[in-house]
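Peer 1: Got a structure for you, written out below as C-alpha cells; questions coming shortly.
The values are calculated or read from the model by the stated rules, or taken from the named source; none is laboratory data. Bear in mind the structure is a predicted one, so any value in this text is a computation, not a measurement. Quick reminder, even Gly has a Cβ in these numbers, built from the backbone with ideal geometry, and neighbours come from all protein chains shown.
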Amino acid sequence: MSKQIQPVRGMNDVLPAEIGAWQHLERVARGVFEAYGYAELRVPIVEHTELFKRSIGEYTDIVEKEMYTFQDLGGDSLTLRPEATAGIARAAISNGMLRGARHKLWCLGPMFRHERPQKGRYRQFYQFDLEALGFPGPDVDIELIALTVRLWQALQLKRVRLTINSLGTPEARASYRERLQAYFRSHESGLDEDSRRRLEGNPLRILDSKQPAMRALIEGAPLLSDYLDPESQAHFAALRAGLDALGVAYEVNPRLVRGLDYYSRTVFEWVTDALGAQDAVCSGGRYDGLITQLGGEPTAAIGFAMGVERVVELLLQAGSLPPAATPEIYIVANGERAEREALRLAEQLRDALPGRGVLLNLGGGNFKTQFRRADRSGARLALILGDSELDRGVAAVKPLRREDGQTDCPLSELPARIASLL
C-alpha cells in the first residue's frame, strides 16, 4: 500500500461538520458589511514581493521570516499574500479607482504566513478585510469600530474587548523613534536577538515582542502618546469622544503599535480571553500614507482584518450557532422500477418545492437499511416507493419526527400534500 500523503504542516482542511460555523459567520458578516455600504472585491492571492516589502516594512517578522516567496518561470519574485490591505491598495491604484473618489471595500480569502502552527494560528488562514479609502476621519474610524460592535452583537459574541491607541504622524513617530532607540541602546544587554536586529531598522517593532523576558524592559520604554503632534491628539480625542457617545467600551493601550509599518494615527484591536495566547480576533487602523507609498495619489484610508478561524472558535465556544440545515424529505425506493420512478419523483419535488431539501436513497439497500439512512439524515418525512405503491399509483408518506402513522398519497398530489405537512 502506498504511503498516505499528509496535509502540509499548518494547512488545515475545513470538513463538512465544521463548515456550518464558517457559512454562518460569512452570511452574518456579509449582511453587516453591506448595511454599512461596503462592496465586495476579490484580489489575487499572488502579488509581486516588492508590494509587501514596501507596504508592510522590511523590518517586520512577516517580511523577514514568514512570507512564502518564490521565483516564477519568468524570473519575477512573487509572494503568496500574507495580508490583504496592500493588495487592495494596489488594486485601487492599478484599476484607476481613486482620483478623488471614495470607496468602502471588503474581501474574504486565504492568507499565508510561515509561522509556528498552534491553536488559532495556521500557515494558511482566512481573513475578512475591510477598507475605507478616501475618508480622512475620525468619523469613519468611529463608524468602522461601530460596525465591529454590531457584528459581535449579530453573532452573539460577548467575550471580546476593544483596545485603541494613536500612532500619530510619521513625523511624530520619527521623533519618538529617536527617543525609543536611545532607551533600548542603553539597555541593549537585555534585548533578545530579534530586538537587537530591529534596533537600527525600526525600534517600534521591539514593542511587539511577545518574549516574557522582554516585558519589564518594554514596560519601561517611553510612551508614543507623549510625542503625538497636536493634530493627531485632536484626532484621537475625537475618536474617543465618538466612541463614548455611542456607548462603546474601550481601553487605551499605549503599547499597541500593530505589526505593520504602514499604520498611522488610529490603531485598534479586538481581543479575547477565550483563545489562549492567540488573543487578537480583529485588528486594524489608519494608513493614510500607504497609497502614496505604493505610487498612488495621496489618499486617506483605514481598515481592519478579522481572523475567520478565531471567530469561528469563539462561535463554537459560545454555542451561538443556528441549527444545522437538514433535508426535509427522504425518498426510500425498493426495486429497479421504484428506483427509476424515485429519480423522476425527486426532481419533480425539487421543482415544485424550491428550498426544500430532498434526498434520494442512492446505492440500494433493503427497507431497513434505507430507513436507517433516512433517520440519520434528519429528514422530517420519508416517501416510500415499491412495486405495491407503484401498482396503485401512490407513494407512502411516513413522518419520521413524530408518531403519526404512515399514509398513502397519489403521486400526482404529492407536492401539495408534502407542502401541507411541512
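Peer 1: Kindly provide the set of residues from the range 101-119 that are crowded, with 19+ Cβ neighbours inside 10 Å, under 20 Å from LEU275 (Cβ atoms) and not hydrophobic (A, V, I, L, M, F, W, C), ordered by number.
Peer 2: Matches in the range 101-119: ARG113 only.
Peer 1: Ok, one more. For LEU207, all conditions in the list (1) part of a loop (DSSP other than H, G, I, E, B); (2) crowded, with 18+ Cβ neighbours inside 10 Å; (3) outside the structural domain of TRP106 (by TED's automatic domain parsing) hold save one; what is the number of the exception?
Peer 2: (1)
Peer 1: Would you be able to say whether some residue in the range 376-383 is out of contact with any strand residue (DSSP E or B) (no Cβ under 6 Å at 6 or more places or on another chain) and assigned to a helix (DSSP H, G or I)?
Peer 2: Looking through the range 376-383, at least one residue is out of contact with any strand residue (DSSP E or B) (no Cβ under 6 Å at 6 or more places or on another chain) and assigned to a helix (DSSP H, G or I).
Peer 1: May I pose another question? Only strands (runs of 3 or more DSSP E) wholly contained in the range 230-313 count here; list those with 2 or more residues that are touching a residue at least 12 places away in the same chain (Cβ under 8 Å) and out of contact with any Phe, Trp or Tyr (no Cβ under 9 Å at 6 or more places or on another chain).
Peer 2: Qualifying strands (runs of 3 or more DSSP E): 264-271.
Peer 1: Please go through the range 189-204 and give me each residue that is over 19 Å from PRO254 (Cα atoms), of a type in the set (A, V, I, L, M) and in a helix (DSSP H, G or I), ordered by number.
Peer 2: Correct list: LEU199 only.
Residue-wise test of (1) under 23 Å from the mean Cα position of the chain (by Cα); (2) in the same structural domain as ARG123 (by TED's automatic domain parsing); (3) closer than 30 Å to ALA21 by Cβ.
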| site | (1), (2), (3) |
| --- | --- |
| ALA234 | no, yes, no |
| LEU243 | no, yes, yes |
| VAL248 | yes, yes, yes |
| ARG255 | no, yes, no |
| ARG286 | yes, yes, no |
| LEU294 | no, yes, no |
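Peer 1: Determine which single condition ASP13 fails, assuming it passes every other condition in (1) touching a strand residue (DSSP E or B) at 6+ places or on another chain (Cβ under 9 Å); (2) at pLDDT 90 or above; (3) acidic (Asp, Glu).
Peer 2: Just one mismatch for ASP13, condition (1).
Peer 1: Can you run down the residue pairs with Cβ atoms below 6 Å, 6 or more apart or on separate chains, where the first is in the range 86-108 and modelled with pLDDT under 95 and of a type in the set (A, V, I, L, M) and the partner is surrounded by fewer than 17 Cβ atoms within 10 Å (Cβ to Cβ) and in a loop (DSSP other than H, G, I, E, B)?
Peer 2: Every condition considered, the pairs that remain are LEU98/GLU297.
Peer 1: Applying the selection to the range 385-422, what residues are closer than 15 Å to ILE329 by Cα, in a strand (DSSP E or B) and in contact with a helix residue (DSSP H, G or I) (Cβ under 8 Å, 6 or more places away or on another chain)?
Peer 2: Answer for the range 385-422, where residues must be closer than 15 Å to ILE329 by Cα, in a strand (DSSP E or B) and in contact with a helix residue (DSSP H, G or I) (Cβ under 8 Å, 6 or more places away or on another chain): LEU385, ALA395, ALA396, VAL397, PRO399, CYS409.
Peer 1: Residue pairs, Cβ under 6 Å, 6 or more apart or interchain, first in the range 47-58 and under 14 Å from THR69 (Cα atoms), second surrounded by fewer than 19 Cβ atoms within 10 Å (Cβ to Cβ). List them.
Peer 2: The qualifying pairs are THR49/THR69; THR49/SER77.
Peer 1: Among the residues of the range 219-229, write down those that are of a type outside the set (Gly, Ala, Ser), touching a Phe, Trp or Tyr at 6+ places or on another chain (Cβ under 9 Å) and surrounded by fewer than 17 Cβ atoms within 10 Å (Cβ to Cβ). Let's see the steps before the verdict.
Peer 2: Applying the first criterion (of a type outside the set (Gly, Ala, Ser)) to the range 219-229 yields 219, 222-224, 226-229.
Filter again for touching a Phe, Trp or Tyr at 6+ places or on another chain (Cβ under 9 Å), leaving 222-224, 226-228.
The answer is PRO222, LEU223, ASP226.
Peer 1: While we're here: Could you please give the count of residues in the range 210-221 that are more than 22 Å from ALA280 (Cα to Cα) and in a helix (DSSP H, G or I)? Walk me through how you get there before you give the answer.
Peer 2: Step one: filter the range 210-221 for residues more than 22 Å from ALA280 (Cα to Cα), giving 217, 220-221.
With the extra rule that they be in a helix (DSSP H, G or I), the set shrinks to 217.
The total comes to 1.
Peer 1: Within the range 34-68, can you find the residues that are under 19 Å from the mean Cα position of the chain (by Cα) and either outside the structural domain of ALA154 (by TED's automatic domain parsing) or not in a helix (DSSP H, G or I) (or both)?
Peer 2: Within the range 34-68, TYR36, GLY37, TYR38, ALA39, GLU40, LEU41, ARG42, VAL43, PRO44, ILE45, VAL46 qualify.
Peer 1: I've got another one for you. Can you pull out every residue in the range 148-168 that is more than 20 Å from LEU321 (Cα to Cα) and surrounded by fewer than 21 Cβ atoms within 10 Å (Cβ to Cβ)? If you could, list the steps in order and put the result at the bottom.
Peer 2: Step one: filter the range 148-168 for residues more than 20 Å from LEU321 (Cα to Cα), giving 161-168.
Of everything in the range 148-168, those that are more than 20 Å from LEU321 (Cα to Cα) and surrounded by fewer than 21 Cβ atoms within 10 Å (Cβ to Cβ) turn out to be ARG161, LEU162, THR163.
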